[in-house]
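J.: Here it is, the structure in full.
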Amino acid sequence: MTAAAVRAEGLAYSYGPRRALEDLSLEIRPREIFSVLGPNGGGKTTLFRILSTLTSQHAGTLEIFGERLPAATSRVRSMIGVVFQKPSLDGKLTVGENLHHHGMLYGMSGTRLKDAVSASLTRRMNAS
């Protein structure tokens, strides 16, 4: 039997007192196609952020290709691809915060990420 590409058990995530995910469990096999449907505010984006390693769950367990998150975040990022349906800027974040999140998707962190964001912001300001 093929190991799950994604296995989640009891995932939970809260924004303060508001629960975005509560006791979510799922298993997705390799090459399986799936979708997540629900109303606005139903936790779809939060789940995507957790699965794409942009944030960590507050409770529960999550494995992607057998790697446990959040402990194996770097290894998981090297194995997954993220393709956004629409422009992937978050209007609630500053330009610098958006650059920071996208840099994290590409495995950047620490001083390297901070310097790259700073350089990008400086180039943009000089081009104006």
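The values are calculated or read from the model by the stated rules, or taken from the named source; none is laboratory data. Because the structure is predicted, anything quoted here is derived from the model rather than measured. Every residue, glycine as well, gets a Cβ built from its backbone with ideal geometry; the counts of neighbours run over all protein chains shown. Heavy atoms of the whole protein, side chains included, go into the accessibility calculation; ligands, DNA and RNA do not. Shrake-Rupley method; radii C 1.70, N 1.55, O 1.52, S 1.80 Å.
J.: Tell me, in nm to one decimal, what length is gained between T45 and R29 on full extension, where the rule is 0.36 nm per residue of separation less the Cα-Cα distance?
T.: 3.7 nm
J.: With a cut-off of 8 Å between alpha carbons and a minimum separation of six or more residues, what is the relative contact order of the chain in percent?
T.: 22
J.: Could you give the longest part of the chain that holds none of the chymotrypsin sites (Phe, Trp or Tyr not before Pro) found in DSSP loops with at most 15 neighbouring Cβ atoms within 10 Å?
T.: 1-33
J.: Separate question: Give me the extension gain from A59 to S109: residue separation times 0.36 nm, minus the current Cα-Cα distance, reported in nm with one decimal.
T.: Extra length from A59 to S109 when fully extended: 15.6 nm.
J.: Among P30, P39, P70, which one shows the biggest mean-square fluctuation in a GNM of the chain, springs joining Cα atoms closer than 10 Å?
T.: Its mean-square fluctuation being the largest, the pick is P39.
J.: Related question: In a Gaussian network model over the chain where Cα atoms closer than 10 Å are linked, find which of R75, R31, R112 has the largest mean-square fluctuation.
T.: R31
J.: I've got another one for you. Report the residue, chosen from E32, E97, E67, that carries the largest GNM mean-square fluctuation when the chain is represented by alpha-carbon nodes joined by springs under 10 Å.
T.: Top of the fluctuation ranking is E32.
J.: On a C-alpha basis, how far is the centre of region 1-80 from the centre of region 105-125 in Å? Whole number, if you could?
T.: The two parts, judged by their Cα centres, are 27 Å apart.
J.: What's the local net charge at T53, with K and R +1, D and E -1, over the other residues with C-beta under 14 Å away?
T.: Here the count lands on +2.
J.: Taking the structure as given and computing Rg/Rh (Cα atoms, Kirkwood Rh), which label from [x] 1.01; [y] 0.98; [z] 1.05 fits?
T.: From the options [x] 1.01; [y] 0.98; [z] 1.05, the structure gives [x].
J.: Moving on to the next point. Tell me the label-point distance for the pair S120, I80, using the 7 Å Cα-to-Cβ offset, in nm and rounded to one decimal.
T.: Once both label points are built, they end up 1.9 nm from each other.
J.: Tell me, what is the per residue accessible area of region 7-128 in Å², probe radius 1.4 Å?
T.: I get 70 Å² per residue for region 7-128.
J.: Where does the chain land at 222 nm, in deg cm²/dmol rounded to the nearest 500, when only DSSP H runs of n ≥ 4 count, each adding -39500 (n - 2.57), divided by all residues?
T.: -10000 deg cm²/dmol
J.: When the accessible area of region 1-113 is computed with all protein chains present and a 1.4 Å probe, what percentage of it is carbon and sulfur?
T.: C and S fraction of accessible area: 54 percent.
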